[in-house]
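S.K.: First the structure, then my questions, so here it is.
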Amino acid sequence: MPDTAGIVIIGGGVIGASVAYHLAARGCTDVRVLEREGEPGLGSTGRATGGFRVQFGSAVNVRLSLLAREKLLRFEDETGVDCGYRPHGYLFLAEDAETMDELLAAQAVQHAAGAPQPRPVTAAEARELNPAIDADGVVGGTWCPIDGFIRPLAILRGYTEAARRLGVRFDYGVTVDGFRVERDRIAAARTSAGEIACGAVVNAAGAWAAGVGRLAGVEIPVRPVRRQVACTIPTDVLPETMPLTLFLGDGFHTRVRDGRALLLLPDEPADPESLSFRDAWLREVTARAHHHIPSLRAVPVDRAACWCGLYEMSSDHHVLLGAAPAVENLYLANGSSGKGVMHSPALGHLLAEIILDGAAHALDVHALRPSRFDEGDPVVAPEFL
């Protein structure tokens, strides 16, 4: 007999698993998830640092975070797994009046979108929230007490196990090599394990989404961008409850996870898809850490514990969510641009509604429609938020 599935999901990371779970929770259990890695968590999900925030500069991202937070608060009841949500906060720091004005403008967007918790802070209040910072030059900032941290692999495990209990099948070590397209619909996925006839396909391939799209004749404006994480040796100089602290002047940010400080600084690598570590960046981020957090000067970086991962960056730094242009049964959940794990509960919920009901109900996601780029209507928001 031919191999069949009602819906094939390409990508078994946190977004693909969330879509699978939310479809199955609605009664759509004839779902096959195809993951090219040999086991869960070996892709981008396992390399995420696990931040969560509602402090964004676009209303739609704020609302995605609020929906995701509602679901994170119910996550253990729904899946049996603790997602690790801990609201230790995000602290954004401005070093000039112009940046502070941009933060306040973004905060007005956050309040209007239904998040009253973010508030401005003075430099003195910033020192109280994080006594470890060198606040010389800081003019103020913004703070949100419901921002914080989550556990990416716990969310992946929760959704994967819950989806399996509902009847979803996960196939690991399987690649998608092409599609059989008939009359602007995908009739089957051609895979390394054989052809699978299907009624619909979800592209949840993360940083590799554009390649999957091209197999179906669809151009998806998503590109992979390498992000590096420096990790100190185990230390108690900074507490686990320290808020993620971001200096907007140079983009350096840091948090504590599992007793180590994670040091982060955006860069533009020559080869954005390479996962090899760039030592010049390591020297730079270490210098920034010592400048901004003086207590870290006595804490060496553990070179062996550092890692790289890939963001799936869209052209406007917002996710593409919904039906793909030109292929009526191909659905996209691509281009989260560093927000995939934190928004995965919301994205799975919303895409399941789009697939099963023809539209999202939990919130208005018209701004995220994949056709917006062809229509010349990208989402506009401050790039640093």
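The values are calculated or read from the model by the stated rules, or taken from the named source; none is laboratory data. Remember, it's a predicted structure, so these values are computed and weren't measured experimentally. As a convention, Cβ positions derive from the backbone with ideal geometry for all residues, glycine included, and neighbour counts pool all protein chains shown.
S.K.: Quick check on Leu385: is it more than 28 Å from Arg180 (Cβ to Cβ), touching a residue at least 24 places away in the same chain (Cβ under 8 Å) and assigned by TED's automatic domain parsing to the domain that holds Glu102?
M.R.: no
S.K.: I'd like the full set of residues that are assigned to a helix (DSSP H, G or I) and more than 14 Å from the chain's Cα centre (by Cα), limited to region 43-66.
M.R.: Answer for region 43-66, where residues must be assigned to a helix (DSSP H, G or I) and more than 14 Å from the chain's Cα centre (by Cα): Ala59, Val60, Arg63, Leu66.
S.K.: Mind checking which pairs have a first residue in region 156-171 that is among the hydroxyl-bearing types (Ser, Thr, Tyr) and a second that is surrounded by 24 or more Cβ atoms within 10 Å (Cβ to Cβ) and not in a loop (DSSP other than H, G, I, E, B), Cβ under 6 Å, 6 or more apart or different chains?
M.R.: Tyr159/Ala17; Tyr159/Ser18; Tyr159/Tyr21; Thr160/Ala17
S.K.: Looking only at region 9-34, how many residues end up being assigned to a helix (DSSP H, G or I) and of a type in the set (Ser, Thr, Tyr)?
M.R.: Total meeting the criteria: 2.
S.K.: Among strands (runs of 3 or more DSSP E) lying entirely in region 242-309, which contain 2 or more residues that are at pLDDT 95 or above and of a type in the set (Gly, Ala, Ser)?
M.R.: Once the strands (runs of 3 or more DSSP E) in region 242-309 are filtered for at least 2 residues that are at pLDDT 95 or above and of a type in the set (Gly, Ala, Ser), nothing remains.
S.K.: Where residues in region 187-215 are crowded, with 24+ Cβ neighbours inside 10 Å and of a type in the set (A, V, I, L, M), which of them is farthest from Gly16 (Cα to Cα)?
M.R.: It comes out as Ala189.
S.K.: Conditions first: (1) under 27 Å from the mean Cα position of the chain (by Cα); (2) under 30 Å from Asp3 (Cα atoms); (3) charged (D, E, K, R); (4) buried (at least 17 other Cβ atoms within 10 Å of the Cβ). Asp147 passes all but one, so which condition is the exception?
M.R.: (2)
S.K.: For the condition assigned to a helix (DSSP H, G or I) and of a type outside the set (Asp, Glu), what is the one hit in Leu385, Leu356, Leu332?
M.R.: Of Leu385, Leu356, Leu332, the one residue that is assigned to a helix (DSSP H, G or I) and of a type outside the set (Asp, Glu) is Leu356.
S.K.: Pick from region 1-42 the residues that are polar (S, T, N, Q) and over 22 Å from the mean Cα position of the chain (by Cα): which of them is surrounded by the most Cβ atoms within 10 Å (Cβ to Cβ)?
M.R.: Once the filter is applied, the top-ranked residue is Thr29.
S.K.: Working carefully through the options Thr29, Thr4, Thr45, find the one that is of a type in the set (Val, Ile, Thr) and touching a Pro at 6+ places or on another chain (Cβ under 7 Å).
M.R.: Among Thr29, Thr4, Thr45, only Thr45 is of a type in the set (Val, Ile, Thr) and touching a Pro at 6+ places or on another chain (Cβ under 7 Å).
S.K.: Exactly one condition in (1) surrounded by 19 or more Cβ atoms within 10 Å (Cβ to Cβ); (2) touching a Gly at 6+ places or on another chain (Cβ under 9 Å); (3) closer than 24 Å to Gly211 by Cα; (4) of a type outside the set (Val, Ile, Thr) is false for Ser371; which is it?
M.R.: Exception for Ser371: condition (1).
S.K.: Of all the residues that make up region 241-255, how many are farther than 18 Å from His291 by Cβ and surrounded by 20 or more Cβ atoms within 10 Å (Cβ to Cβ)?
M.R.: 1
S.K.: Which residues, taken from region 196-208, are of a type outside the set (Phe, Trp, Tyr) and over 14 Å from the mean Cα position of the chain (by Cα)?
M.R.: Once the filter is applied, which keeps residues that are of a type outside the set (Phe, Trp, Tyr) and over 14 Å from the mean Cα position of the chain (by Cα), region 196-208 yields Ile196, Ala197, Cys198, Gly199, Ala200, Val201, Val202, Asn203.
S.K.: I would also like to ask the following. Does any residue of region 84-104 turn out to be at pLDDT 95 or above, over 28 Å from Ile293 (Cβ atoms) and not small (Gly, Ala, Ser)?
M.R.: no
S.K.: May I pose another question? Those residues that are more than 26 Å from Val256 (Cβ to Cβ), in contact with an Asp or Glu (Cβ under 7 Å, 6 or more places away or on another chain) and either crowded, with 23+ Cβ neighbours inside 10 Å or not assigned by TED's automatic domain parsing to the domain that holds Trp208 (or both), I need them from region 318-352; list them, please.
M.R.: Asn334, Gly335
S.K.: Right, next: Could you check region 63-82 and list, in sequence order, the residues that are surrounded by fewer than 24 Cβ atoms within 10 Å (Cβ to Cβ) and of a type in the set (A, V, I, L, M, F, W, C)?
M.R.: Leu66, Leu67, Leu72, Leu73, Phe75, Val81
S.K.: Mind listing whichever residues of region 219-240 are buried (at least 19 other Cβ atoms within 10 Å of the Cβ) and under 21 Å from Val201 (Cβ atoms)?
M.R.: The answer is Ile220, Pro221, Val222, Pro224.
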